[in-house]
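These notes are about the structure you will find just below.
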Amino acid sequence: MNSSYETVAASQTDQVLGVAGAAGDYLDRLIIKVNTAATATVDIQDGAGTAIPIMPASPGGGVGCYVVELKIFSKAGAWSVTTGAGATVLAIGNFT
């Protein structure tokens, strides 16, 4: 499977991964850069489903980089990522 990546800036809401995204898109991992721990939330969403919390505000390790292995396929549509003001994301996977 070919992998690609997409960046997600801080303070983004439901940024779609890929050009349009679709059911079957593969999300391998998220590399989260926490710049301000208090606002470092990161959520993902599968299509129009419910947000899935990945990184809480004020993570235990504080400021730094976190690698979150997911290895999941979308069932309902495009993957999207929401970031708080204190985090940026590099999403790695196979997105349409």
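The values are calculated or read from the model by the stated rules, or taken from the named source; none is laboratory data. Keep in mind the model is a prediction, meaning the values are calculated, not measured. Every residue, glycine among them, receives a Cβ derived from its backbone with ideal geometry; neighbour counts consider all protein chains shown. When the accessible area is computed, the model is the full protein with side chains, heavy atoms only, and any ligands, DNA or RNA have been set aside. Shrake-Rupley method; radii C 1.70, N 1.55, O 1.52, S 1.80 Å.
Sort out which residues of the stretch 1-27 are within 10 Å of the chain's Cα centre (by Cα) and part of a strand (DSSP E or B), and write them in order of number.
Those that are within 10 Å of the chain's Cα centre (by Cα) and part of a strand (DSSP E or B): E6, T7, V8, Q15, V16, L27.
Filter the stretch 1-22 for residues that are small (G, A, S) and modelled with pLDDT of 95 or more; which is surrounded by the most Cβ atoms within 10 Å (Cβ to Cβ)? Can you show your working first?
Taking the stretch 1-22 and keeping what is small (G, A, S), we get 3-4, 9-11, 18, 20-22.
Those still in the list that are modelled with pLDDT of 95 or more too: 9-11.
Numbers: A9: 10, A10: 16, S11: 13.
So, considering only residues that are small (G, A, S) and modelled with pLDDT of 95 or more, the one surrounded by the most Cβ atoms within 10 Å (Cβ to Cβ) is A10.
Sort out which residues of the stretch 85-96 are open to solvent by 10 Å² or more (accessible area, probe 1.4 Å) and assigned to a loop (DSSP other than H, G, I, E, B), and write them in order of number.
Within the stretch 85-96, A85, F95, T96 qualify.
Filter the stretch 71-81 for residues that are out of contact with any Phe, Trp or Tyr (no Cβ under 6 Å at 6 or more places or on another chain) and open to solvent by 40 Å² or more (accessible area, probe 1.4 Å) and give the result.
Matches in the stretch 71-81: K71, I72, K75, A76.
Where residues in the stretch 28-57 are outside any strand (DSSP E or B) and out of contact with any Gly (no Cβ under 9 Å at 6 or more places or on another chain), which of them is least open to solvent (accessible area, probe 1.4 Å)?
By that ranking, first place goes to A51.
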